[in-house]
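Novice: One structure, as structure tokens, below. Some questions next.
The values are calculated or read from the model by the stated rules, or taken from the named source; none is laboratory data. The structure displayed is predicted, hence computed values, not measured ones. Don't worry about glycine lacking a Cβ; one is built from the backbone with ideal geometry, like all the others, and counts go over all protein chains shown. Ligands, DNA and RNA are excluded from the accessible area calculation, which covers all protein heavy atoms including side chains. Shrake-Rupley method; radii C 1.70, N 1.55, O 1.52, S 1.80 Å.
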Amino acid sequence: MGSSQSTETEFEYGKPWRDTPWRKKDYLEKTLKEFELSDPNIKYARILVVGQIGSGKSSFINSVNSVFQRRITNEALVNKTTDRSTTFTKLYKTYHIRNGQSVMPFVLSDTMGLESEDLHGIHTEDIVKAMGGYIKERYKFNPESSITPEDEGYRSNPSLQDHTYCLVFVMAADKISLADDDNIYEKVKYIKSKADELEIPQVMILTKPDDACPLVNKDLRKIYTSKKIKEKLKEYSEHTGISVSHIFPVKCYHEEIDTQNDMDVLILRAFKHIEQMANDALRLKCNENKNSE
Ligand SMILES: Nc1nc2c(ncn2[C@@H]2O[C@H](COP(=O)(O)OP(=O)(O)O)[C@@H](O)[C@H]2O)c(=O)[nH]1
Ligand SMILES: [Mg+2]
């Protein structure tokens, strides 16, 4: 009794491989709420959320909002049906993060899901266009062809406000293996290479850790001792080129009635990383812009 060290087992490490501030939710929440963007001319830093169909993109957006509002919110529609054959979110839609009576200086843009087959799911070029700010709100994605300047939803002169400052890949940990699904990896790698060119930082959110690992299902605090979760994280990192330090396993709100401390802490910690990376990218972009004026 009293020892925090446990012994390693077949499924679990003896100690967590990443520290988690389980008891500092209020502090984390406070620092994030007080966060100010490094350039006063930008009102909201855009965070673009992409990933495979059904991976939990809309759930992640709702979860971030739920934490700050301290109640479950469902503004972004989540697909509760078992039919994954067609992707649910087809419109390009941006969500504010409400914080009591005000809104935070970040927005989350939801996209249509990626699918392995070509001509299904969102066109990768549309994600590239959204990163550059060329897609207007409520544009309806067309899997058969990417947006062109002739489309009504095309914005020809995007401003710094329209640009993306952090790209968030949402991937589900409960997938047996995406190794059979090389095409998804190819699409993710292509999007990542374009984000690198545009100097947009990338973060990966690993959802459904509760479905992927029985230990985590019972106790969310085992998220960083679970060998299964670590394995998944490494697999996704190796296949996409996103470094392990930018991947955050998060359980999204999906069946809960009230918010919970441990889920909140994981969501806040991931969001803190996203905010900081977005703000750094914004500073660079705005400075570049000033220097070229
Ligand atoms: N168990 C579990 N289910 C989740 C989690 N995140 C999302 N889901 C479920 O996964 C399904 C697809 O989620 P959705 O947000 O619509 O995915 P999207 O297509 O990427 O926007 C829904 O039934 C969600 O309730 C999670 O962390 N754990
Ligand atoms: Mg969705």
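Novice: Taking the chain as the reference, fit the longest principal axis to its C-alpha atoms, fit the long axis of helix 182-197 to the helix C-alpha atoms, and give the angle between the two in degrees, 0 to 90, nearest 10.
Specialist: So the inclination is approximately 60 degrees.
Novice: For a label point 7 Å from the Cα of HIS120 along Cα→C-beta, name the residues of the range 41-72 whose backbone N is under 19 Å from it.
Specialist: 51-57
Novice: Taking the Cα centre of the range 40-292 as origin, sum charge times position over the Cβ atoms of Lys and Arg (+1) and Asp and Glu (-1), and report the length of that vector in debye to the nearest 20.
Specialist: That gives a dipole near 940 debye.
Novice: Can you give the extra length, in nm with one decimal, that the chain gains between GLU36 and SER193 once fully stretched, where that is 0.36 nm per residue apart less the Cα-Cα distance?
Specialist: Taking 0.36 nm per residue and subtracting the Cα distance, the gain is 53.6 nm.
Novice: Round to the nearest 10 and give me the degree value, 0 to 90, for the angle of helix 57-69's Cα axis relative to the longest principal axis of the chain.
Specialist: Approximately 70 degrees, to the nearest 10.
Novice: Per the helix-only calculation at 222 nm, which mean residue ellipticity applies to the chain, given -39500 (n - 2.57) for every DSSP H run of n ≥ 4 and division by its residues, nearest 500 deg cm²/dmol?
Specialist: -11000 deg cm²/dmol
Novice: Right, something else. Compute for the range 99-172: radius of gyration divided by Kirkwood radius, i.e. Rg/Rh, restricted to C-alpha atoms, rounded to two decimals.
Specialist: Here Rg/Rh amounts to 1.00.
Novice: If you average the alpha carbon positions of the range 239-268 and of the range 99-147, how far apart do those two centres end up, in angstrom?
Specialist: A separation of 21 Å, based on Cα centres.
Novice: Quick one: of LYS25/LYS230; LYS189/LYS227; LYS136/LYS189; LYS80/LYS251; LYS33/LYS136, which pairs are farther than 21 Å apart, Cα to Cα?
Specialist: From the list (LYS25/LYS230; LYS189/LYS227; LYS136/LYS189; LYS80/LYS251; LYS33/LYS136), the Cα-Cα distance tops 21 Å for LYS25/LYS230; LYS189/LYS227; LYS136/LYS189; LYS33/LYS136.
Novice: Also, quick follow-up: Note down the relative contact order for the chain as a percent, whole number, built from C-alpha pairs under 8 angstrom at least six residues apart.
Specialist: 23
Novice: Further question: In degrees between 0 and 90, to the nearest 10, how far off the longest principal axis of the chain does helix 227-240 point, with axes built from Cα atoms?
Specialist: The answer is roughly 20 degrees.
Novice: Convex hull over the Cα atoms of the chain, averaged projected area in nm²?
Specialist: Across all orientations, the chain yields a mean hull projection of 16.3 nm².
Novice: Right, here's the next one. Averaged per residue, what accessible surface does the range 234-284 expose to a 1.4 Å probe, in Å²?
Specialist: 40
Novice: Rounded to the nearest 5, what % of the DSSP beta bridges within the chain are antiparallel ones?
Specialist: The answer is about 30 percent antiparallel.
Novice: Considering the options ILE184, ASN217, VAL168, tell which one lies farthest towards the positive end of the dipole of the range 161-218, charges being +1 on Lys and Arg and -1 on Asp and Glu at the Cβ, about the Cα centre.
Specialist: Value computed over the given set: ASN217.
Novice: Semi-axes of the range 17-84's equivalent ellipsoid from the Cα gyration tensor, sqrt of 5 times each eigenvalue, largest first, rounded to whole Å?
Specialist: That gives 26, 19, 13 Å for the three semi-axes.
Novice: Carbon and sulfur together cover what percent of the accessible area of the chain at a 1.4 Å probe radius?
Specialist: 47
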